[in-house]
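> There's a structure below that I have some questions on.
The values are calculated or read from the model by the stated rules, or taken from the named source; none is laboratory data. These figures come from a predicted structure and were not determined experimentally. Note: ideal-geometry Cβ built from the backbone for every residue, glycine included; neighbour counts use all protein chains shown.
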């Protein structure tokens with residue numbers, strides 16, 4: 001998780017970055033996150049507005 005945090009240049013949590021990566025890879029992918037609270041629901045909804053630049057995607061791909 002620390003490597004993810006060092007790559008992401010905005011205020012995004014690793015739990016937001018993961019589905020954002022999936023959404024960027026293919027329009028045919030639809031992440032369906034579960035949520036135990038309203039706070040997590042808000043965090044999940046914020047993913048729709050999270051656009052990852054090419055350099056961040058490349059760095060995240062390198063983590064494996």
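> Taking residue 7 and the conditions (1) surrounded by 12 or more Cβ atoms within 10 Å (Cβ to Cβ); (2) modelled with pLDDT of 85 or more; (3) more than 10 Å from the chain's Cα centre (by Cα), which numbered condition does it fall short on, given that it satisfies the others?
(2)
> Right, next: Please go through region 53-64 and give me each residue that is in contact with a helix residue (DSSP H, G or I) (Cβ under 7 Å, 6 or more places away or on another chain) and either surrounded by 15 or more Cβ atoms within 10 Å (Cβ to Cβ) or free of Cβ contacts under 8 Å to residues at least 40 places away in the same chain (or both), ordered by number. Let's see the steps before the verdict.
Quick first cut of region 53-64, residues in contact with a helix residue (DSSP H, G or I) (Cβ under 7 Å, 6 or more places away or on another chain) only: 56-57, 59-60, 63.
Of everything in region 53-64, those that are in contact with a helix residue (DSSP H, G or I) (Cβ under 7 Å, 6 or more places away or on another chain) and either surrounded by 15 or more Cβ atoms within 10 Å (Cβ to Cβ) or free of Cβ contacts under 8 Å to residues at least 40 places away in the same chain (or both) turn out to be 56, 57, 59, 60.
This table checks each residue for (1) exposed (fewer than 10 other Cβ atoms within 10 Å of the Cβ); (2) assigned to a loop (DSSP other than H, G, I, E, B).
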residue	(1), (2)
24	no, no
30	yes, yes
33	no, yes
43	no, no
47	no, no
51	no, yes
